[in-house]
Every structure is written in C-alpha cells, then in structure tokens.
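Any read-out appearing in this document is the output of simple, stated calculations on the displayed coordinates, not a laboratory observation. Here the structure is a predicted model, which means the values were calculated and not measured. Note: ideal-geometry Cβ built from the backbone for every residue, glycine included; neighbour counts use all protein chains shown.
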Ligand SMILES: *Cc1c(COP(=O)(O)O)cnc(C)c1O
C-alpha cells in the first residue's frame, strides 16, 4: 500500500447486484450503467471493465471528460456512451466524431451540433431531453416545434437515439403526484414526436428508484446508478420493496471496502489533551492509534470526536479533531494494536461493519454524497 489507504471493489457482489437489477427488468429493456462522478466513487477504470464483463453495453456519464475516460477504457466496440450533462464546444465535436451520444436540451446546442455534424459529414447521435416537471434541463413542450423542424430538415446529420427526462424524486412517496404527472407528460410528448415523424430509438426516464417504485417507467432503457453499487436510493425504497417480500434479506450488496493501516501507537496519560486544541481531554490513561487518513482523504472534519472505524474486529472511536492527513482513534479497550494493523473505514472486519450509510449518518450525508466524495487518487483494486 503505497498511498495511505485502498478501496477494494468486490467483483462477485457487483455481478450479483446487476443480476438483481436484471431480474426487475421487462423483456428487451436495455441497461445504461451510470458511471458519472468516478462511478459514484468506485472508480470508472474499475467499474467499466466489470460492467462490460457482465454484458453491459451502455454507459451514462455527466460530462465530456468522463466520456473520454470511458471511451479509452471500454473494450467492446459496440459499447455506447451517453453524456447527460455538460459538453463544451470541442466536446460536442469530439462526441460526434466518435459516435458518442449526448443529451440535447438547448436549441443553440442543437444548431452547433448540426454545424459540426455537417462539417464532419456524420450523424450526431442525440437524445432529446424534454422538460416534464423537474424544472432543470430539458426542452419545454412549446419549444419542441423548432427542434422537430431542424431535425427533420437535416435527417442526414441527426440520429435521434433517444428521448429522455429525469424524475423529480422517485425515491420518495412524497413526490408521487409530481412523478406521475411527469410520466404522463412524457408520454404525451412522445406522441408529439411521432406526429412529427421523429421516432426516438430509446425512450428513457427511469433511474434506480423508479425501476423499483414505478416499474412502468422502464420504457426502452433504464439509467441505473446507485443500485449497481449495492445501495438503495433511499431507505423508503428499500422498506417499500422488502415489505412485499417473504424473503427479507437485502438483495443488494455493498461492493466497496475502504481500508487503511495503523501508522503509530502510543500511550497518553490521563489529563492530557489529544490532537489540536482542547476538544478531547483524556479522562483516563489512554492507548491511541494514529491512522494516515484525514479530511483531505475524504474523512470529513465533521467526524471529529464522533466517527468510528474498525480495528482488531472492534468498532472504535475517533478522538480529537480530524487533521488534514491523520486522525486519532481510541484503542484503549483493545489488547493489542500495532503499527501496520488493518483499519476499516467502510466495510467489514470480523463481526463489525461500517456501511456507507452509517458513515453517512455520522456526517449527515446521503450515500450518494459520501461515495462521490471519496477522492479519486485513492487506489482502487478489484478483488
Ligand atoms: C444520476 C442519474 C441517474 C442515476 O440515478 P440513480 O439514482 O443513481 O440510479 C439517472 N438519470 C440521470 C439523468 C442522472 O443524472
């Protein structure tokens, strides 16, 4: 371990998660594996090959840079890449050249795409994103006429791969009315497409939560992020699902483990303060261990005097302030801890476990946020 910690990705569990996702799909529905934000912190370079090995042939990313990374990693020439968010002008040109698909939600971008496609004598593979109620990106229904016209006038330069929208929170029943309205609107707009002689190859709207809570939203393709990594989009979605089952075991498995090692062990006398400042006073003689993880490595400062890690199979407390590159744990209760011992930050050791959600709970963050904050420069390894 050259760096100070390592993230392990469990291949078998990843395959099991995909198997579960597939078991929920209607026949013929394609999966797009969402690998934006470094595959939710798991590592694009690790996840894309695993995904392809499991038969996935479509990836969704947020920006051109991520698309380029997937493009260089993918092995299957038939694997498609779709950019759902930001593309710069050179990015648009690159995407058309390489046959990379992308969302279009601005008329100016549609025109820019056309200009480039003409120059390159190519068809741009576009997904028209439509506004159905999230009120983020997407063409308003009233602006679609000129979109249709430009596409129909330039059939040689556009390939309408898809028509897409995104739900405003399908992981919570609180949004039920809004979400249902979005589906209705989406279907209405689809009819408009057809009326204007535009047949998108894939209609897609569903994310992980929608796949579970609104199975009818699967359409032709689903964009699955969080569930492939073994997490439910919300506790509510998990409970809603499991309540209807006789088998109550969670079908999704966390695939990520984050580990480090003990760097130093020492004794501290009662009455001494530990780490910077005076936030932690030793009220008895203590044995402390220092580990080479701090807030710059993704262990939030808000976990000072609060977070937990596992060492010697036991959950132990973080004491004092989390530093930039180090933190201190209380190992007084353990019989022997020495430099080099394995420390688990997320994952299992012996019978103790820290899930991402407990890590998130400690810091009041969503799974999504905690995962994507895991720094890119931590080495990832598939096991
Ligand atoms: C991130 C994202 C998804 C995937 O969402 P999950 O909840 O992780 O499955 C799907 N669609 C869009 C547009 C997204 O941005």
(message) Just to confirm the number: angle between the C-alpha axis of helix 11-23 and the first principal axis of the chain, 0 to 90 degrees, nearest 10?
(response) 40 degrees
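For the chain, what does -39500 (n - 2.57) per DSSP helix run (n ≥ 4), summed and divided by total residues, give at 222 nm, in deg cm²/dmol to the nearest 500? Could the numbers behind the result be given before it?
On the way: 12 runs with 121 residues, N = 383.
Here the helix-only value at 222 nm equals -9500 deg cm²/dmol.
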(message) If you fit an axis through the alpha-carbon atoms of helix 89-98 and take the longest principal axis of the Cα set of the chain, what angle between them do you get, 0 to 90°, nearest 10?
(response) 80 degrees
(message) What distance in nm lies between label points placed 7 Å from Cα along the C-beta direction at residue 106 and residue 176?
(response) 3.8 nm
(request) Report, in degrees rounded to the nearest 10, the 0 to 90 angle that the Cα long axis of helix 107-120 makes with the longest principal axis of the chain. (result) 80 degrees
(request) Could you pull the Cα extents of the chain along its three principal axes, largest to smallest, in whole Å? (result) 80, 49, 37
(request) Please give the length that would be gained between residue 57 and residue 88 if that part of the chain were fully extended, namely 0.36 nm times their separation in residues minus their C-alpha to C-alpha distance (nm, one decimal). (result) 8.7 nm
(request) Would you mind ranking 326, 270 by Cβ crowding within 10 Å, fewest neighbours first? (result) 270, 326
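Can you put 63, 207 in order, fewest other beta carbons within 10 Å first?
Values: 63 16, 207 22.
Lowest count first: 63, 207.
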(message) Which residues does the label zone of residue 383 cover in the stretch 240-283, counting backbone N under 20 Å from a point 7 Å along Cα→Cβ?
(response) 252-263
(message) Taking each pair of distinct Cα atoms in the stretch 256-354 once, what is the resulting Kirkwood hydrodynamic radius in Å?
(response) 13.3 Å
(request) For residue 278 paired with residue 137, estimate the spin-label separation in nm (one decimal), with each label point 7 Å from Cα along the Cα-to-Cβ line. (result) 5.2 nm
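Ranking request for peptides 64-70, 284-290, 35-41: highest mean number of other beta-carbon atoms within 10 Å first, then the rest in descending order. If you can, show how the numbers build up before the last one.
Working: 64-70: 20.4, 284-290: 17.4, 35-41: 23.7.
The packing order, highest mean first, is 35-41, 64-70, 284-290.
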(request) Starting from the Cα-Cα distance between residue 201 and residue 342, subtract it from 0.36 nm times their residue separation and give me the gain in nm to one decimal. (result) 45.8 nm
(message) On a full-extension model of 0.36 nm per residue, what is the gain between residue 22 and residue 220, subtracting their alpha-carbon distance, rounded to one decimal in nm?
(response) 69.9 nm
(request) Considering only 174, 54, 164, give the residue with the highest GNM mean-square fluctuation for the chain, with springs between Cα atoms whenever their separation is below 10 Å. (result) 174
(request) Evaluate E = 1/(1 + (r/R0)^6) for residue 264 and residue 351, where r is the Cβ-Cβ distance and R0 equals 30 Å; express this FRET efficiency to the nearest 0.05. (result) 0.70
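Summarise the long-distance tail of P(r) for the stretch 124-175 by giving the % of C-alpha pairs beyond 12 Å. The partial results should precede the final answer.
Values: 906 of 1326 pairs.
Result: 68 percent of Cα pairs exceed 12 Å.
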(request) With springs only between Cα atoms under 10 Å apart, run a GNM on the chain and tell me which of 90, 292, 233 wobbles the most. (result) 90
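Using Cβ contacts closer than 10 Å as the measure, can you line up 143, 80, 247 from fewest to most?
Values: 143 14, 80 19, 247 7.
Listed from fewest to most nearby Cβ atoms, that is 247, 143, 80.
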